[in-house]
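The values are calculated or read from the model by the stated rules, or taken from the named source; none is laboratory data. It should be emphasised that the depicted structure is a prediction, and the values quoted were computed from it without experimental measurement. Here the Cβ positions follow ideal geometry from the backbone for every residue, glycine too, while neighbour counts run over all protein chains shown.
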Amino acid sequence: MTRSFKTLIMKFNAQKLFSLAIAALCFNTSAVQAAPAELGFSILEQRQHDARTFTQGLEIHADKLYESSGGYGKSFVRKMDLVSGAILKQQALPANWFAEGLSLHNDQLFLLSWQRQQGLVLNSNTLKPIAQFRYQGQGWGLCNDGQQLIMSNGSATLQFIDPKTFKINNTITVHSDDASEHWKNLNELEFAYGLVWANIWQSNKIIAIDPKTGLIKYQLDLSRLTPKKSDPNAVLNGIAFDAKQKAFWVTGKLWDQQYLIKLADNFKPNTMLNKDIQDQAEQKTFSD
Ligand SMILES: [Ca+2]
């Protein structure tokens, strides 16, 4: 082998190695970007949850906890004191209504039914129905961003709905860059830190979604909170943001416990603040 040929081979190997290194680097970078970041959490508080409740919606407003419970002939909406847990009011629904997602907007509670394609507006003080509205398809979870209702229907689609006209303003498809994961069964919702937080039905997972693009920014695995029950209906389903504690109350259908969880430090909130944090800041300014 001539010296110049040897040099050529060495040069070729060096170039090849360099190319492989760059390819590996690119691959790793895209892999990191593809999967939504996994969020850790710590438990700040744990308390009893009524294990007869088939939790469908969970919402906090002005130190009150609102909960909707499903099932034909047994659906209801309940209002509780957030600190003591005492039941302040409860409204039963007609036997042919299956209560689903619940969200409080402008002092009114918006409640979905599962398959009736009809929702109720309730007075948040009395829990009495004051109006009805219609929507297309199934109703699963509900939250709002301060302007629009945001609704899930068991698919990967979220609908943004005008709370006065009930017209759909926008829809997004929830997705991640990781093509191997097919997202669906989005259920109970919560709006916090400029993101939509969603339970995935029949999983122990909560995902945090960018409401503009549908891209999943974070995911949480709540397996360690999930009770070991043989009932397949006893799944994680309930997220309510406690703005004062900057933490989430979470529970599930037929769970006997609920948990206040604080996100780990790797959570970086969107610059857009949650409407409840803004409300809280305004209240503080007035009371100063
Ligand atoms: Ca909620």
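Structure data summary
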read-out	value
Gln258 vs. criteria among the polar types (S, T, N, Q), modelled with pLDDT of 55 or more and crowded, with 18+ Cβ neighbours inside 10 Å	yes
Elements of type strands (runs of 3 or more DSSP E) in the range 125-226, at least 1 residues being within 16 Å of the ligand (Cβ to nearest atom) and closer than 14 Å to Phe110 by Cα	142-144, 149-152, 157-161, 186-192
In the range 149-175, the residues that are more than 15 Å from the chain's Cα centre (by Cα) and surrounded by 19 or more Cβ atoms within 10 Å (Cβ to Cβ)	Ile161
